[in-house]
Each structure stands twice: as C-alpha cells, then as structure tokens.
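The values are calculated or read from the model by the stated rules, or taken from the named source; none is laboratory data. Source: prediction; values computed, not measured. Ideal geometry is used to build each Cβ from the backbone, glycine not excepted, and the neighbour counts take in all protein chains shown.
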Amino acid sequence: MPWYVWLLLILLLVVIRDEFFNRRHTISHNFPLLGHLRYMLENIGPELRQYLVANNREELPFNRSQRAWVYSSAKKENNC
C-alpha cells in the first residue's frame with residue numbers, strides 16, 4: 001500500500017480512539033486531530049516562545065507560570 005494510505009489509516013485510528021474511548025480530554029474528544037496538534041504545540045511552546053515570541057513572564061494579564069499554577073490547581077495536582 002502507498003504511504004499516504006498508511007497515514008490515513010493512522011489518522012482514522014486516532015479519530016476513532018478519541019471519539020469513542022477518550023473521555024478525559026474534552027478538546028481531543030471534540031476535535032481529535034486539531035486537539036492533538038494543540039497538545040504537540042503546547043509541548044514545544046517554551047522553545048517557540050524563547051526564539052519567536054516572548055518569554056514566560058511577558059504575557060498580560062497573566063503570565064505562563066501563573067496560568068500553569070491555576071491549571072494545576074484546577075486539576076487538583078501538585079501546584080507548588
């Protein structure tokens with residue numbers, strides 16, 4: 001089979017998994033492919049901000065470290 005058929009099969013499996021078996025992450029459940037893209041970009045966000053946009057302390061009204069603290073508090077994780 002050609003490579004693009006394999007790629008489409010993998011993407012289809014991701015969509016099926018997120019639509020029917022994923023109840024934890026709302027974004028990837030509602031928007032499977034875009035949700036995974038968002039999570040991948042979120043993981044490389046610090047590197048992108050370092051070279052392209054801004055550092056973690058420059059965003060208004062809340063910077064990245066404050067926002068991360070709020071998110072971890074909302075998920076009842078360790079927020080120290």
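Quick notes on this structure:
- Counting only helices (runs of 4 or more DSSP H) that fall entirely inside the range 1-51 and contain at least 1 residues that are at pLDDT 90 or above, the qualifying elements are 3-20.
- When residues of the range 63-77 are limited to those that are in a loop (DSSP other than H, G, I, E, B) and modelled with pLDDT of 75 or more, the one surrounded by the fewest Cβ atoms within 10 Å (Cβ to Cβ): Lys76
- Enumeration of residues in the range 15-51 that are of a type in the set (Ser, Thr, Tyr) and either loosely packed, with under 11 Cβ neighbours inside 10 Å or over 19 Å from Lys75 (Cα atoms) (or both): Thr26, Tyr51
- Taken over the range 1-14, the criterion of being surrounded by 13 or more Cβ atoms within 10 Å (Cβ to Cβ) and either within 15 Å of the chain's Cα centre (by Cα) or farther than 23 Å from Glu42 by Cβ (or both) is satisfied by Val14 alone.
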